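One structure is given here, and the rest of the page talks about it.
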Amino acid sequence: MGLFDSGDVNPEAQRLADSARGKSVTAKILTKTTGGVGSFSVQSILADSSFLNILNENEQPHYYFANNSKGQIRDGDAVGAGHQQDFMSTVLVTDQRIILTAAGNRGNALVYGSITDVQTKNGLTKNRLSVFTSNHEYRMYIPNSATQSEIEAAADYIRTQAKDAPTVNSDLDTVHSLRPIWDDTMRTGAGNTDPLDATPQGAYVNQERVDKIRDILDPDERVHYLTRGQTVDVEGSGAGSSWWGNDRSRKQGTRGYVRAAATNKRVVVKIPQFTGTDERSVPYQSITSVDLDAGLGGKRISLQTPGQTYHIQANFPGKPEVREMTRFIREQIAGDTTTATSTASTETDPLEQLEKLGELRDNGVLSEEEFEEKKADLLDEI
């Protein structure tokens, strides 16, 4: 039975709270959009609805948890994270599914038949509930205002429900009146090229990470490599003297991570800001050189153009894949014709390409070994 249920409350919500296995489910939680009982947060739960309105017929909630800053996390990437968020991220464990919400109007139902394992971890300031499927890890951080015994009871209940449920291949289902947090069925918009259809492609590139930059991609753009960091510095920006050097300015993601993508067209950078999104687009034909700094202070890709140099911090992925991305950008600069999705014209005069390769070698873009390899390929065409 839920705690703190008194006064003028919805009878159906009170009935569900009385039937809940855990004390965390209350009539107030099921009917209100304000922060949960016992939480110091003033954030809301849902923007235009309540749990009572999104439950299926005869669905019984049993456990409820929320966090106000960590968001919903799948495979390490968070949705609805950050203290500036207006809405809490929640987990409602019912007899039919696990309802996950984020950002006030987004939600998915995790299907019991897809679950392979459940783990909990007790920390000094927060607890963790992790649910695993064959495809993903879904992780929820829970403040210590929720008791460890309640979290463990929820984990045991999820294990029992998963064991008894028919096995399914799909992790997620939709939730009434909520936009999906993760939409695994809609990889592309109508008439668009699938941005994941790219060769070569880094292991860090997946559907969820591409979705975070989809709004800045062209309809026919394909993603070969992705990075995630905190900042991008622009040298030669006319900023004058600054903390980061002469004539060098810094853009930092204040509403999320800075993400850079090497596509079949360009290097594009998305910088989420409180007041909107900043975007930097660097076509391959404008890049004169690319360098990778992988020292103790982290990884940084530097793109030199005739006017500016872009220093892109790359905390993720690891050094080998960032090195692959750097090499891929060099190939696009050189007009490499062996890449499957290269946009370089096959009708270009090989002698002109050879001359360009020589210039790239002289400018330090290509090593002598790379120059000789590409020169041999071009001479075969003459």
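Checking the structure you have, find out if any residue of the stretch 151-172 is open to solvent by 50 Å² or more (accessible area, probe 1.4 Å), within 23 Å of residue 102 (Cβ to Cβ) and under 17 Å from the mean Cα position of the chain (by Cα). Steps first, answer last, please.
As a first pass, look at the stretch 151-172 and keep what is open to solvent by 50 Å² or more (accessible area, probe 1.4 Å): 152, 156, 159-160, 163-164, 166-170.
Narrowing further to those that are within 23 Å of residue 102 (Cβ to Cβ): 168, 170.
Still in the list and also under 17 Å from the mean Cα position of the chain (by Cα): none.
No; the residues of the stretch 151-172 include none that is open to solvent by 50 Å² or more (accessible area, probe 1.4 Å), within 23 Å of residue 102 (Cβ to Cβ) and under 17 Å from the mean Cα position of the chain (by Cα).
Condition (residue is of a type in the set (Lys, Arg) and at pLDDT 90 or above) applied to the stretch 100-112: is it met by at least one residue?
Of the stretch 100-112, the ones of a type in the set (Lys, Arg) are 106.
Restricting the remaining residues to those that are at pLDDT 90 or above gives none.
Looking through the stretch 100-112, none of the residues is of a type in the set (Lys, Arg) and at pLDDT 90 or above.
For residues that are outside any loop (DSSP other than H, G, I, E, B) and in contact (Cβ under 8 Å) with a residue 60 or more places away in the chain, scanning just the stretch 65-90, find the one that is nearest to the chain's Cα centre (by Cα).
77
Considering only residues that are open to solvent by 10 Å² or more (accessible area, probe 1.4 Å) and of a type outside the set (A, V, I, L, M, F, W, C), which ones fall in the stretch 96-105?
Result: 96, 97, 105.
So if I check each of 250, 228, 187, 209, which one is modelled with pLDDT under 85 and either surrounded by 14 or more Cβ atoms within 10 Å (Cβ to Cβ) or not in a loop (DSSP other than H, G, I, E, B) (or both)? Step through it out loud before you land on a result.
On the way: 250 fails: modelled with pLDDT under 85; 228 fails: modelled with pLDDT under 85; 209 fails: modelled with pLDDT under 85.
Answer to the check: 187.
Can you say whether residue 93 is open to solvent by less than 50 Å² (accessible area, probe 1.4 Å), modelled with pLDDT under 90 and in contact with a helix residue (DSSP H, G or I) (Cβ under 9 Å, 6 or more places away or on another chain), as far as the supplied structure shows? I'd like the intermediate steps shown before the answer.
Working: open to solvent by less than 50 Å² (accessible area, probe 1.4 Å): yes; modelled with pLDDT under 90: no; in contact with a helix residue (DSSP H, G or I) (Cβ under 9 Å, 6 or more places away or on another chain): yes.
The answer is no for residue 93.
From the list 21, 74, exactly one residue is of a type outside the set (A, V, I, L, M) and either modelled with pLDDT of 95 or more or open to solvent by 10 Å² or more (accessible area, probe 1.4 Å) (or both). Which is it?
Going through 21, 74 in turn, just one is of a type outside the set (A, V, I, L, M) and either modelled with pLDDT of 95 or more or open to solvent by 10 Å² or more (accessible area, probe 1.4 Å) (or both): 21.
From the residues in the stretch 346-358 that are open to solvent by 60 Å² or more (accessible area, probe 1.4 Å) and either on the phi > 0 side of the Ramachandran plot or not hydrophobic (A, V, I, L, M, F, W, C) (or both), which one is modelled with the lowest pLDDT?
Across the stretch 346-358, the extreme among qualifying residues is 346.
Taking the stated definitions as given, is residue 333 open to solvent by less than 20 Å² (accessible area, probe 1.4 Å), within 15 Å of residue 261 (Cβ to Cβ) and of a type outside the set (Asp, Glu)? Even if it seems obvious, please write down each step before you answer.
Details: open to solvent by less than 20 Å² (accessible area, probe 1.4 Å): yes; within 15 Å of residue 261 (Cβ to Cβ): no; of a type outside the set (Asp, Glu): yes.
For residue 333, the condition - open to solvent by less than 20 Å² (accessible area, probe 1.4 Å), within 15 Å of residue 261 (Cβ to Cβ) and of a type outside the set (Asp, Glu) - is not met.
Restricting the search to the stretch 268-288, which residues are open to solvent by 30 Å² or more (accessible area, probe 1.4 Å), over 16 Å from residue 214 (Cβ atoms) and in contact with a helix residue (DSSP H, G or I) (Cβ under 9 Å, 6 or more places away or on another chain)?
285, 288
Can you name the condition, by its number, that residue 62 falls short on among (1) assigned to a strand (DSSP E or B); (2) surrounded by fewer than 18 Cβ atoms within 10 Å (Cβ to Cβ)?
So the condition that residue 62 fails would be (2).
Just to be sure I understand, how many residues within the stretch 104-143 are within 14 Å of residue 76 (Cα to Cα) and either of a type outside the set (Ser, Thr, Tyr) or touching a residue at least 24 places away in the same chain (Cβ under 8 Å) (or both)?
Selection size over the stretch 104-143: 11.
Restricting the stretch 106-135 to residues that are part of a loop (DSSP other than H, G, I, E, B) and in contact with a Ser or Thr (Cβ under 9 Å, 6 or more places away or on another chain), which is most open to solvent (accessible area, probe 1.4 Å)?
So, considering only residues that are part of a loop (DSSP other than H, G, I, E, B) and in contact with a Ser or Thr (Cβ under 9 Å, 6 or more places away or on another chain), the one most open to solvent (accessible area, probe 1.4 Å) is 134.
The values are calculated or read from the model by the stated rules, or taken from the named source; none is laboratory data. Source: prediction; values computed, not measured. FYI the Cβ positions are ideal-geometry reconstructions off the backbone, even for glycines, and counts take in every protein chain you see. Please note that ligands, DNA and RNA were not included when accessible areas were found on the heavy atoms of the full protein model with its side chains. Shrake-Rupley method; radii C 1.70, N 1.55, O 1.52, S 1.80 Å.
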